[in-house]
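Inspection log for the structure reproduced underneath, given as structure tokens.
The values are calculated or read from the model by the stated rules, or taken from the named source; none is laboratory data. Just so we're clear, the structure is a prediction, and the values are computed from it rather than from any experiment. Cβ coordinates were reconstructed from backbone atoms using ideal geometry, including for glycine residues, and neighbour counts include every protein chain displayed.
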Amino acid sequence: MEFGVSTFITDEGIGAADLGRALEERDFDALFIAEHTHIPASRETPYPGGGELPRIYYRTLDPFVALTAVAAVTERLVVATGIALVIERDPITTAKEVASLDLISGGRMVFGVGAGWNREEMRNHGTDPATRGALMDERIRAMREIWTAETAEFHGEYVDFDPIYAWPKPVQQPHPPIYVGGESERAIARVAEYGGGWLPRGNVENLGDLVAKVRDRAGWRVPVTVYAARRDPAVIESYAAAGVDRTLFFLPTQPRDETLRTLDEFTELAKRHT
């Protein structure tokens, strides 16, 4: 099992390049970073974690800009969105950003996606929360067409464009793996439909059963990365027993020195399970 980190990169924590170098120096496998374009001043949608929405949600950097900085100073580290909010993104622009990052990183990009939870935020992007899942599915299908066809064309209910040329094409073929976040029946169906991996949360019960279900539904051994894993050796052992391929520790957003100390703690924990 590999080990990586999931985090929010903001203007108040360690810089993206410093974080990337520190992770690779400690032999971590991957960096997954969160995305929020903004947080509406009107707080109607409850925070899924309970209580007040943490400050880091208000201050996230653009994930593709941050991951490009990471890719430029590393050689092996997987650079990933965890997760990109496709429902808030133009598919033609996003397809170019994903392909560009995959090219710049030398084929190290993983495209983690999800349907989001903040209804006010998505409405500001013109997205109806009631149809966000269908919108996400269609945008991803359109992006796959852009990545794989020399002349791409797509006509759907939410995405519609006549033949276009769009480069660069991704280094990874047919495109960077799409890791689907979430544990719902629809999320599992998405893994089977277009997912190159599954990204469940670390607090999910019966993870072993769900891993088997995801792989059975997809018909192949889908790679599984656990997001925001608990720092409990017994829990990590249970991930390994469940067939998890990568565990992501959740890294608090802190200044450089505090971050490096936390990474050293993660390193010691990971060494017990490698």
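With the condition kept exactly as written, say whether any residue in the range 102-111 is closer than 21 Å to D160 by Cα, small (G, A, S), modelled with pLDDT of 95 or more and surrounded by 17 or more Cβ atoms within 10 Å (Cβ to Cβ).
Scanning the range 102-111 turns up no residue that is closer than 21 Å to D160 by Cα, small (G, A, S), modelled with pLDDT of 95 or more and surrounded by 17 or more Cβ atoms within 10 Å (Cβ to Cβ).
A quick yes/no check of all residues on (1) in contact (Cβ under 8 Å) with a residue 12 or more places away in the chain; (2) of a type outside the set (V, I, T); (3) crowded, with 17+ Cβ neighbours inside 10 Å:
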| position | (1), (2), (3) |
| --- | --- |
| V5 | yes, no, yes |
| L23 | yes, yes, yes |
| F28 | yes, yes, yes |
| S42 | yes, yes, no |
| Y58 | yes, yes, no |
| F64 | yes, yes, yes |
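Taking the range 224-274 only, how many residues are part of a helix (DSSP H, G or I) and among the charged types (D, E, K, R)?
So the answer is 9.
Need pairs with beta-carbon distance below 8 Å; first residue under 20 Å from L251 (Cβ atoms) and within the range 214-229, second in a strand (DSSP E or B) and among the β-branched types (V, I, T); sequence gap 6+ or separate chains.
T225/T247; V226/T247; A229/T247
With in contact with a Pro (Cβ under 7 Å, 6 or more places away or on another chain) and at pLDDT 95 or above as the only criterion, which of T74, T81 stands out?
After applying the criteria, what remains is T81.
How many residues, within the range 158-188, are assigned to a helix (DSSP H, G or I) and surrounded by fewer than 17 Cβ atoms within 10 Å (Cβ to Cβ)?
So the answer is 2.
Can you name the residue in the range 117-138 that is touching a strand residue (DSSP E or B) at 6+ places or on another chain (Cβ under 9 Å) and part of a helix (DSSP H, G or I) and is also surrounded by the fewest Cβ atoms within 10 Å (Cβ to Cβ) among such residues?
E138
Quick one: in the range 66-86, which of the residues that are hydrophobic (A, V, I, L, M, F, W, C) and over 14 Å from the mean Cα position of the chain (by Cα) is surrounded by the fewest Cβ atoms within 10 Å (Cβ to Cβ)?
Result: A72.
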